[in-house]
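The values are calculated or read from the model by the stated rules, or taken from the named source; none is laboratory data. This one's a predicted model, so the numbers in the text were calculated from it and none came from an experiment. Note that we place each Cβ from the backbone using ideal geometry, even for glycine, and neighbour counts take in every protein chain shown. The accessibility values were calculated without ligands, DNA or RNA, using every heavy atom of the protein model including side chains. Shrake-Rupley method; radii C 1.70, N 1.55, O 1.52, S 1.80 Å.
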Amino acid sequence: MFKILKKEEIAPSTFFFEVEAPFVARRIKAGQFIVLRIDEKGERIPLSYCGADPERGVINLIVQSVGKTSQKLNDMKEGDAILDLVGPLGKETEIEKYGTCVLLGGGFGAGAIIPIAKALRAAGNHVVSIVGAREKSLLVMEKDVEAASDEIKVTTNDGSYGMKGMVTDALSQILADRKVDFILGIGPVPMMKAISDMTKPYGIKTMVSLNSVMVDGTGMCGSCRVTVGGETKFACVDGPDFDGHQVDYDELSKRLKMFEAYEKLAYEAYLEHRGRCASEKRSDR
Ligand SMILES: Cc1cc2nc3c(=O)[nH]c(=O)nc-3n(C[C@H](O)[C@H](O)[C@H](O)COP(=O)(O)OP(=O)(O)OC[C@H]3O[C@@H](n4cnc5c(N)ncnc54)[C@H](O)[C@@H]3O)c2cc1C
Ligand code: FES
């Protein structure tokens, strides 16, 4: 069992967790992820880590509620325990001395770029991080990203904080201003596609961390299949980082929507169950 030591709401429907997982905390590297299962009947979901403290044996996660399992996890309390947590999974990000690196994080990606920023800096790179959200209240982990990077740029679509626009607008300014040697994006598929389209004419090495649907995380089930450079890859074992200029984003988007109808039903049933339990508890008082 993996105990939740700390839970904090950092944006609407988005929580930061500190989870006791000593084995994973000692071994996990920048760019890798874990797969967890809340209880015996639960589905497995992949999550990036945004920090680890090997001495205390804890890992940090950020979870956005998008469906049944992420919501169920975000409904858990400090002191509760997660049944299974497997990791580290996937390949670590290729850390080299590139020169100037730009890391872009949207949504939970803002947390996921933190270990990567730290590793790239430790390898002697100058790291510029760009984090963005639709509006100020949805922005997460700004201070931690800032501490992990040499520079930070913040964007909001509505201009309520930082630069008005999207992370790609900030990237376009940087590309016009200076030489960039390495780029990595983590976030929604349209964001990763836009970054890759933007950097292709410059010939800059651009990696994206693919969020394909995963089940076992070990290359056995095939659910995370993606096409990269015309070849079939499994995001869980061959990735999650891939060359952004080679990814078939249309296929990835379609595969992410494959189970939409079932996911919607499961989420609605869970919300109804949760509402019923809450009203039963109130009437018991
Ligand atoms: C390597 C990796 C790292 C990830 N890291 C994080 C993280 O740090 N924090 C976080 O909140 N989420 C992360 N995700 C996404 C997370 O796994 C999904 O949000 C989760 O599986 C959704 O499960 P659910 O039952 O709540 O929703 P479901 O009901 O299964 O799905 C709801 C909707 O979410 C979308 N979705 C489903 N599965 C995924 C998926 N694997 N990736 C993206 N969108 C999905 C689909 O559009 C779907 O319609 C990561 C995904 C991958 C592959
Ligand atoms: S998640 Fe099963 S093969 Fe990748």
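A few notes on this one:
- Under 25 Å from Lys118, Cα to Cα: lysines that are on another chain or at least 8 residues apart: Lys6, Lys7, Lys29, Lys91, Lys97, Lys136, Lys143, Lys153, Lys179, Lys193, Lys205
- The trypsin sites (Lys or Arg not before Pro) of segment 141-181 that meet both conditions, a loop assignment by DSSP and at most 14 other Cβ atoms within 10 Å of the site Cβ, are Arg178, Lys179.
- Size of charge dipole - the chain - debye, nearest 20, with Cβ of Lys, Arg +1 and Asp, Glu -1, no other charges: 200
- Alpha-carbon centroids, segment 85-107 and segment 4-34: separation in whole Å: 16
- Excluding ligands, DNA and RNA, the accessible surface per residue across the chain is 49 Å² with a 1.4 Å probe.
- Long-range tail of P(r) for segment 163-209 (Cα pairs > 12 Å, %): 59
- Per residue, the convex hull volume that the Cα atoms of segment 17-169 enclose (Å³): 116
- Note on segment 34-100: Rg/Rh from C-alpha atoms, Kirkwood Rh, equals 1.04.
- For segment 90-120, the list of trypsin sites (Lys or Arg not before Pro) that fall in a loop by DSSP and count at most 14 other C-beta atoms within 10 angstrom reads Lys97.
- For the chain, alpha-carbon Rg relative to the globular expectation (2.2 N^0.38 Å, N residues): 1.00
- Just the protein heavy atoms count here, and of the accessible area of segment 169-285 at 1.4 Å, carbon and sulfur take up 54 percent.
- Rounded to the nearest 10 square angstrom, Ile45 shows an accessible area of 20 square angstrom against a 1.4 Å probe.
- Portion, in percent, of the accessible area of segment 1-51 that falls on carbon or sulfur, probe 1.4 Å: 47
- Top positive-direction residue, dipole computed over the chain with Cβ charges, set Pro201, Ala122, Gly90: Gly90
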